[in-house]
Amino acid sequence: MSKINVKSEIKPLKKVLLHRPGKELLNLTPDTLGDLLFDDIPFLPDAQKEHDEFAKILTDNGVEVVYLEDLMADVLDLDSRIKESFLRQFIYEAGIRTPKYKNLVFEYLNSFTDNKKLVLKTMEGIQISELDRKKREIEKSLVDLVTEESDFLADPMPNLYFTRDNFASIGNGISLNKMFSVTRNRETIYAEYIFNYHPDYRGQVDKYYDRYLPHHIEGGDILNLNDHILAVGISQRTTAEAIDQLAKNLFKDPDCKIDTVLAFNIPVSRAFMHLDTVFTQIDHDKFTYHPGIMDTLQVFEITEGDIPDSDEDLNVKGINDSLENILEKYLQRKITLIPCAGGDKVGAAREQWNDGSNTLCIAPGVVVVYDRNDVTNKVLREYGLKVLELHGAELSRGRGGPRCMSMPLEREE
């Protein structure tokens, strides 16, 4: 089997990438919530317990769980030159430009002998107070005089436990994403090094998009409907230009079977930030959705064009039909759409805010969900789904559910 093999949303999940929330959550403050894309501050001990419960549900159901921090530590263990390259790139992408602080941060990070602890430190953020005071005070600059000890030289990355977003598995390849916000785009450095250097993936994974391209795209907007059809959301975080570029790259790869991209234009809002917050597949013939998207949803079909070697060699057409009919046409089977909270307007708005539609399907008809969305979960069971619940009181504060917190690496054929 290929190192990446994800050609559906529902086939039995064999291997998945997670990140256990760490001290980066302790470095959230009320003043930084907006910049760091949180609405509230999760309580770390409970968030970790909930995440461990999530991982146990997966392993109990035959899924191999690997962690982002472990794969990245494996990479840094390979070669001191890779470690140095990573540290200098991390410092640059953290926005540290003052020569003195570039050198001090490099010395500080390079002093870590345990590479996993080093990786976790880069994730949690670096305060000025952590650097050697004597070295800082040798020659004071204006920067030193106006900076407080508690200020961050490198901001924390609290969204990392949503591993779905910084890259996406597509068939036997990946999209290494250019993310919407500066704070989240820094997260993709880990995937870059893992796919460039980790012995499990180096030279064995096609890259259909790259973090250095100009247009934004995030993994929560990418759904593998089958071997030939990819759904991508045009959303708050993913642009139409990025989807055009992704489609061109997919169609140009002779080893890629995808011949159709369906672009779902959803409302631009915090509540609907990604396609998978309002729409996910849970069985061969069943999808969950949030009723609030129906009045404004547009769908476009993208296929390969007829002009060889053209920069714009795509055929794009709007599809004027209901979501149900569109899915039935492309998947060639009868489809059942299950509304969040059974369609109750107030209940749907409340439970969608807590990711009632953000299900992780680990096998046909078997889904992992937050227990707090009890109305939606009851409806799913009434439709014959096997519903595996985890506590999500703290994890849900980051506005992401089980699908957001997981990046499938392998599903059964």
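Just a few scattered comments:
- Förster radius 25 Å - calculated FRET efficiency between residue 349 and residue 40 (Cβ-Cβ, nearest 0.05): 0.90
- Positive dipole terminus of the chain, leading residue within 316, 405, 247 (C-beta point charges): 405
- Cα gyration tensor shape of the stretch 341-413, rounded if a/c is under 1.5, else prolate or oblate by comparing a/b with b/c: oblate
- The chain: calculated mean residue ellipticity at 222 nm from DSSP helix runs of at least 4, using -39500 (n - 2.57): -9000 deg cm²/dmol
- Against the chain, whose longest principal axis comes from its Cα atoms, helix 115-124 is set at around 80 degrees.
- Of the residues 55, 297, 360, the one whose Cα sits farthest towards the positive end of the charge dipole of the chain is 55 (charges of +1 on Lys and Arg Cβ, -1 on Asp and Glu Cβ, taken about the Cα centre).
- Across 83, 257, 100, mean-square fluctuation computed from a Gaussian network of the chain (C-alpha pairs under 10 Å connected) peaks at 100.
- Ellipsoid semi-axes for the chain, based on the Cα gyration tensor and the rule √(5λ), read 37, 25, 20 Å when sorted largest first.
- Under the convention that each Lys and Arg Cβ holds +1 and each Asp and Glu Cβ holds -1, the size of the dipole of the chain around its Cα centre is about 480 debye.
- Heavy-atom accessible surface of the chain: percent carbon and sulfur, 1.4 Å: 48 percent
- Of 135, 178, 14, the one that fluctuates the most in a GNM where the chain has Cα springs shorter than 10 Å: 135
- Estimated FRET transfer efficiency when R0 is 51 angstrom, pair residue 102-residue 59 (beta carbons, to 0.05): 0.80
- Probing with 1.4 Å while keeping every protein chain in the model, the per residue accessible area of the chain equals 42 Å².
- Placing unit charges on the Cβ atoms of the charged side chains and taking the dipole of the chain about its Cα centre, the candidate lying farthest along the positive direction among 213, 108, 224 is 108.
The values are calculated or read from the model by the stated rules, or taken from the named source; none is laboratory data. Given the structure is predicted, the values throughout are model-derived calculations rather than measurements. Don't worry about glycine lacking a Cβ; one is built from the backbone with ideal geometry, like all the others, and counts go over all protein chains shown. All accessible areas refer to the heavy atoms of the entire protein, side chains included, with ligands and DNA or RNA removed. Shrake-Rupley method; radii C 1.70, N 1.55, O 1.52, S 1.80 Å.
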